[in-house]
Amino acid sequence: MLFRIALFLTACFLISCCTTARVAVSQPVPPRWEKTPECEKASGFVRIDISLASKTAQLLTQDGALLAEMDVSPGVPGHETPKGHFRVTEKLPLKRSNLYGQYVKKDTKEVVVHRAWEHQGPVPEGTEYQGIAMPWWLRLTDDGVGIHVGGFERGQPTSHGCIRCLEEAQKVFYDKAEVGTLVCIHEGQHPAPSLLNAAADADSHTKER
């Protein structure tokens, strides 16, 4: 009897360990960003290079000097981010989506329908539409694709076509960009060596010491 109890407790312990390990593995990976010492003082025209392969964006001077780099999140399957060369056509500190939003109570702003674009039937009584907030907005296309702040896990596509960014990092890109700034979106590698990889290598060497 004691032997069976011991086996049962051992099995429970192993299951608990495996479950804990699985939970640890599934923890979200936060996005990263880095900027060079020259970034703050840099002036003049810049360009933005976005790699869908690495899911990162680089801010570069016109002659190709790297100023900053950040992790980004492109569109999910079925809502892929378009590739090509674009120009920033609109620059706003805060834009609200015309396509994706919520129905909220007019008086309290309490959310009644979280995903208004999936709602069928009449607008709920006493509510109004409120588009999802997209801070530090840089528009790229007429049909609503842009670069803006949004939550995401590193390496995962999460948007409906836009490029989502970490707030602190996107503020830097936003401040340097202007209407007319060139934005290149592609599946290849960046033109400049990665700041993020260099920072990761430096951290690794520091820990080894």
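Odds and ends about this structure:
- The condition of being in contact with a strand residue (DSSP E or B) (Cβ under 8 Å, 6 or more places away or on another chain) and closer than 28 Å to ARG32 by Cα holds for only one of GLU128, GLU110, GLU69, that being GLU69.
- Test set (1) surrounded by fewer than 13 Cβ atoms within 10 Å (Cβ to Cβ); (2) of a type in the set (Val, Ile, Thr); (3) under 11 Å from the mean Cα position of the chain (by Cα) - THR108 fails condition number: (3)
- Test: VAL76 is surrounded by fewer than 19 Cβ atoms within 10 Å (Cβ to Cβ) and either at positive phi or among the β-branched types (Val, Ile, Thr) (or both): yes
- Of all residues in segment 48-72, exactly one satisfies the criterion of being surrounded by fewer than 20 Cβ atoms within 10 Å (Cβ to Cβ) and in contact with a Leu (Cβ under 8 Å, 6 or more places away or on another chain), namely THR61.
- Looking across segment 66-80, just one residue is part of a loop (DSSP other than H, G, I, E, B) and either in contact with a Phe, Trp or Tyr (Cβ under 9 Å, 6 or more places away or on another chain) or closer than 20 Å to ALA169 by Cα (or both), and that is PRO74.
- Residue in segment 52-65 that is in contact with a Cys (Cβ under 9 Å, 6 or more places away or on another chain) and either closer than 27 Å to ASP142 by Cβ or modelled with pLDDT of 95 or more (or both) present: yes
The values are calculated or read from the model by the stated rules, or taken from the named source; none is laboratory data. Predicted model, so just to flag it, every value in this text is computed and none were measured. Positions of Cβ are backbone-derived with ideal geometry, glycine not excepted, and every protein chain shown enters the neighbour counts.
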